[in-house]
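Notes follow the structure.
The values are calculated or read from the model by the stated rules, or taken from the named source; none is laboratory data. Since we're looking at a predicted model, the values are computed, not measured. Cβ placement follows ideal geometry from the backbone for every residue including glycine, while neighbour counts extend to all protein chains displayed.
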Amino acid sequence: MPQYLISVWHDEEYEVDFSSLEAQRLGQQVGALNEKMEGAGAWVFGAGLQPASSATVLRPGPTVSMTDGPYAETKEQMGGFWVIEAADLDAALDWARQAATACEGAVELRPMQSD
Amino acid sequence: MTDDDLATIYRREVGRCTATLIRVLGDVDLAEDAVADAFAIAADRWPATGVPPNPGGWITTTARNRAIDRLRREAKRDDRHLAAHRLLEPDMDPEPTPHLDDLDDLVDVVPDDQLRLLFLCCHPALGADAQVALTLRLLGGLEVPEIARAFVVPEATIAQRLVRAKRKLRDNHAPYALPRPAQLPDRLPVVLAAIALIFTEGHTASAGDELVRVDLSREAIRLSRALAELLPDEPEAVGLLALLLLTDARRPARLAADGSMVRLADQDRSRWDRTLIAEGHDLVRACLRRDQPGPLQVQAAIAAVHADAETAVDTDWSQVVALYDQLHALQPNEVVAVNRAVAVAELRGVEAGLAALDRLDVVRLAPFQPFHATRADLLARAGHGASAVAAYDRALALTTNPVERRFLDEQRERVLADGRPEGGGPR
């Protein structure tokens with residue numbers, strides 16, 4: 001069955017404050033969706049990410065170089081993702097639509113390479 | 001058999017054949033090539049043998065057999081057993097040429113295939129440009145240069161658009177299936193919008209020297225007709241067909257002999273196509289009986305009211321305003337509001353029309369050409385010459401179509417000369 005990446009995007013760098021009511025509310029919505037995905041056999045993996053400022057970039061070379069900060073030079077940052085299994089694009093879009101609603105933000109759906 | 005006969009058969013059958021072949025072969029590119037092969041064989045053989053009784057079935061079967069031959073050759077060469085194996089079910093063992101008598105048994109032509117293909121081409125995951133190009137290529141059978149000419153863009157742009165769209169659908173495992181009933185309310189408007197876009201592009205080209213590009217309008221009507229036949233219980237699909245027919249009926253009167261644009265009010269209504277109007281009217285009445293109004297049905301009803309009037313003065317403007325009110329409730333946007341103001345001007349006078357325009361969100365409408373063109377016309381008719389010229393200037397700055405530019409330029413010159421556009425003046 002085809003697999004898809006659903007990534008969750010933020011317009012700018014974000015802070016994670018799990019104690020805030022807002023974070024708890026979103027967390028509950030996402031948790032409910034996770035359970036629904038698992039129940040339907042669609043859930044492969046999913047996680048929320050620490051802010052992009054926590055990232056380190058490594059580049060190959062004679063010695064692998066290491067720099068502080070995220071790779072993408074855009075304001076937009078990936079805040080989390082799911083890997084799902086779905087019969088086809090339309091089924092995947094159904095999950096992506098629910099993901100956007102649960103996260104209250106933009107998500108990107110992208111198919112994984114197969115074969 | 002003449003070349004015209006073959007062209008007619010091609011136009012009529014190519015979408016259906018491609019749609020069925022995609023289902024049978026499970027691959028868009030393979031289906032496209034196979035159908036092209038089959039039509040090439042037809043062009044070679046039919047002049048001698050005559051056109052078979054079921055040309056679409058002949059094409060579909062021949063195309064399938066060609067595709068299987070090709071896959072077999074490639075399977076030997078590239079060891080692509082799997083692809084070929086999938087097609088080589090015992091009952092589908094191909095013959096070089098189908099027996100004409102057996103065609104109905106051989107070819108499983110499913111009307112739903114065309115719908116599947118239309119929903120695939122107009123998948124909401126594709127951009128509108130890609131939807132339109134893919135629909136014209138696969139369902140209309142238009143070649144890349146034809147599509148490029150129609151949209152006045154380079155061939156390479158269209159070719160790349162098609163490759164990317166097909167690739168996206170394949171990489172994403174887009175299903176070749178009808179949307180579930182629950183998905184239809186989301187999916188159908190996308191298909192209707194794509195067909196409407198094809199029609200509009202043919203009706204008022206955004207670039208190029210001809211205002212009316214007949215082929216795209218006709219293509220859109222063909223697609224719309226097929227859709228309305230396949231989804232007879234979707235009133236908006238019927239509404240789109242009615243709207244396109246009633247709009248296309250005015251085509252013979254839209255351009256003057258010198259190629260300049262003629263406004264609806266000034267058109268020679270004896271040149272309107274009464275056959276198209278009659279069919280459009282029947283469809284609008286059928287929609288009214290069903291009583292599930294949608295934006296396209298209401299627009300068709302407005303076009304029907306215009307078609308009813310023997311002269312522009314006879315138009316039932318109170319009916320038109322009432323329909324625009326209904327349309328604005330269903331679809332609150334600027335285009336509708338501007339058109340409604342035009343109808344208000346006819347019903348209650350130019351100043352009332354201007355007042356209706358002035359109540360709109362002028363900032364949001366600033367980049368919208370019809371707002372300025374409409375405002376210029378109403379200002380001129382109300383005798384506000386200087387403001388009208390300023391509005392024409394703004395409209396002209398936003399107009400790319402040369403025929404429309406010429407029309408607006410002439411109106412502007414008339415206002416400069418005597419303060420009133422031809423045929424205008426408060427009514």
Next on the checklist: Out of everything in the range B:146-204 that is of a type in the set (Gly, Ala, Ser) and under 29 Å from A:ALA91 (Cβ atoms), what residue ends up being nearest to the other protein chains (Cβ to nearest Cβ)?
Outcome noted: B:ALA174
Next on the checklist: Condition first: modelled with pLDDT of 95 or more and touching a Leu at 6+ places or on another chain (Cβ under 8 Å). Now tell me which residues in the range B:308-323 satisfy that.
Outcome noted: B:TRP317, B:SER318, B:VAL320, B:VAL321
Next on the checklist: Condition (residue is assigned to a loop (DSSP other than H, G, I, E, B), surrounded by fewer than 21 Cβ atoms within 10 Å (Cβ to Cβ) and modelled with pLDDT under 85) applied to the range B:149-167: is it met by at least one residue?
Outcome noted: yes
Next on the checklist: Among the residues of the range B:313-325, are any in a helix (DSSP H, G or I), more than 30 Å from B:LEU408 (Cα to Cα) and free of Cβ contacts under 8 Å to residues at least 40 places away in the same chain?
Outcome noted: no
Next on the checklist: Which numbered condition in (1) away from chain B (no Cβ under 12 Å); (2) modelled with pLDDT under 95 is the only one that A:TRP82 fails?
Outcome noted: (2)
Next on the checklist: If I ask for residues that are modelled with pLDDT of 80 or more and not in a helix (DSSP H, G or I), which ones from the range B:192-210 would you list?
Outcome noted: none
Checklist entry - So is A:THR101 within 18 Å of the chain's Cα centre (by Cα), hydroxyl-bearing (Ser, Thr, Tyr) and at pLDDT 95 or above or not? => result yes
Checklist entry - How many of the residues making up the range A:57-90 are within 20 Å of B:LEU169 (Cβ to Cβ) and touching a Pro at 6+ places or on another chain (Cβ under 8 Å)? => result 6
Checklist entry - Under the condition of being surrounded by 17 or more Cβ atoms within 10 Å (Cβ to Cβ) and within 14 Å of another protein chain (Cβ to nearest Cβ), which residue from the range A:1-20 is nearest to the chain's Cα centre (by Cα)? => result A:ILE6
Next on the checklist: When you check A:SER53 against the structure, is it polar (S, T, N, Q) and either within 14 Å of another protein chain (Cβ to nearest Cβ) or farther than 23 Å from B:HIS123 by Cα (or both), yes or no?
Outcome noted: yes
Checklist entry - Counting just the residues of the range B:139-164 that are among the aliphatic types (A, V, I, L, M) and touching a residue at least 40 places away in the same chain (Cβ under 8 Å), which one comes out nearest to B:CYS121 (Cα to Cα)? => result B:LEU139
Checklist entry - Name the strands (runs of 3 or more DSSP E) wholly within the range A:21-115 that hold at least 1 residues that are touching a residue at least 24 places away in the same chain (Cβ under 8 Å), of a type in the set (D, E, K, R) and crowded, with 17+ Cβ neighbours inside 10 Å? => result A:77-85
Next on the checklist: Anything in the range B:291-307 that is over 29 Å from B:ASP377 (Cβ atoms) and surrounded by 14 or more Cβ atoms within 10 Å (Cβ to Cβ)? List them, or say none.
Outcome noted: B:PRO293, B:GLY294
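Each row is one residue, and each column tells you yes or no for (1) part of a helix (DSSP H, G or I); (2) among the β-branched types (Val, Ile, Thr); (3) closer than 26 Å to B:ALA303 by Cβ; (4) in contact (Cβ under 8 Å) with a residue 24 or more places away in the chain.
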| position | (1), (2), (3), (4) |
| --- | --- |
| B:ALA337 | yes, no, yes, no |
| B:VAL342 | yes, yes, yes, yes |
| B:GLY353 | yes, no, yes, yes |
| B:ALA356 | yes, no, yes, no |
| B:LEU360 | no, no, yes, yes |
| B:GLY383 | no, no, no, yes |
| B:ALA390 | yes, no, no, no |
| B:ASP393 | yes, no, no, no |
| B:LEU396 | yes, no, no, no |
Next on the checklist: Can you find a residue that is within 14 Å of chain A (Cβ to nearest Cβ) and either touching a strand residue (DSSP E or B) at 6+ places or on another chain (Cβ under 6 Å) or at pLDDT 95 or above (or both) anywhere in the range B:126-140?
Outcome noted: yes
Checklist entry - So which residues in the range A:105-115 are within 13 Å of the chain's Cα centre (by Cα) and more than 10 Å from every other protein chain (Cβ to nearest Cβ)? => result A:GLY105, A:ALA106, A:VAL107, A:GLU108
Checklist entry - Can you name the condition, by its number, that B:PRO52 falls short on among (1) assigned to a helix (DSSP H, G or I); (2) at pLDDT 90 or above? => result (1)
